[in-house]
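Scroll down for the structure; my scribbles are underneath it.
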Amino acid sequence: EEGEEGFFIRLPADITFPPGSARITNQDSLLFLKRIAIIIKEYLPKNVEIQIRGYTDNMPPPKNSPYKDNWELSAARALAVLRVLIKDGVDPARLSAAAYGEYQPIASNLTPEGRAKNRRVEIWFFAKENKEKIQKSVLDKAK
């Protein structure tokens, strides 16, 4: 999908991670991330930066979870994807990770289907120049 900052790929957490976990155990997900790494390395210009963003629904992690809240879970999931991309050869200098927890839902958290949509990891791609223009625009508006 396209966004204001660039374009992104959305990975549903239900397919990528077991509930309440940040371990990628699904072999299809690992293969998909390997293909993304190949595309990044072979086809994307060097000025394209990649940010991995983790999101959750509004349900707290299970009691036995190593994550005390959704901030930690979303951060751990973003970092898990980032580490797979690095393992598959993507230059770490091009990567960053961000955690949004439950605070940027794309669907209602009132239904199981909506919560499933909100549990996701997005891989954002944007040209460095565009990122700098957006940051300058935000700073100018804040003045």
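The values are calculated or read from the model by the stated rules, or taken from the named source; none is laboratory data. Note that this is a predicted model, so its numbers are computed, not measured. Glycine also receives a Cβ, built like all others from the backbone with ideal geometry; neighbour counts cover every protein chain displayed. Heavy atoms of the whole protein, side chains included, go into the accessibility calculation; ligands, DNA and RNA do not. Shrake-Rupley method; radii C 1.70, N 1.55, O 1.52, S 1.80 Å.
A few comments on the model shown:
- Verdict on Ile106 being β-branched (Val, Ile, Thr), assigned to a loop (DSSP other than H, G, I, E, B), open to solvent by 30 Å² or more (accessible area, probe 1.4 Å) and under 23 Å from Phe7 (Cα atoms): yes
- From Pro45, Pro60, residue being more than 15 Å from Val81 (Cβ to Cβ), in contact (Cβ under 8 Å) with a residue 12 or more places away in the chain and over 16 Å from the mean Cα position of the chain (by Cα): Pro45
- Region 89-102, residues that are assigned to a helix (DSSP H, G or I) and either surrounded by fewer than 16 Cβ atoms within 10 Å (Cβ to Cβ) or among the hydrophobic types (A, V, I, L, M, F, W, C) (or both): Pro92, Ala93
- Any hit, region 50-63, residues being modelled with pLDDT under 95 and surrounded by fewer than 13 Cβ atoms within 10 Å (Cβ to Cβ): yes
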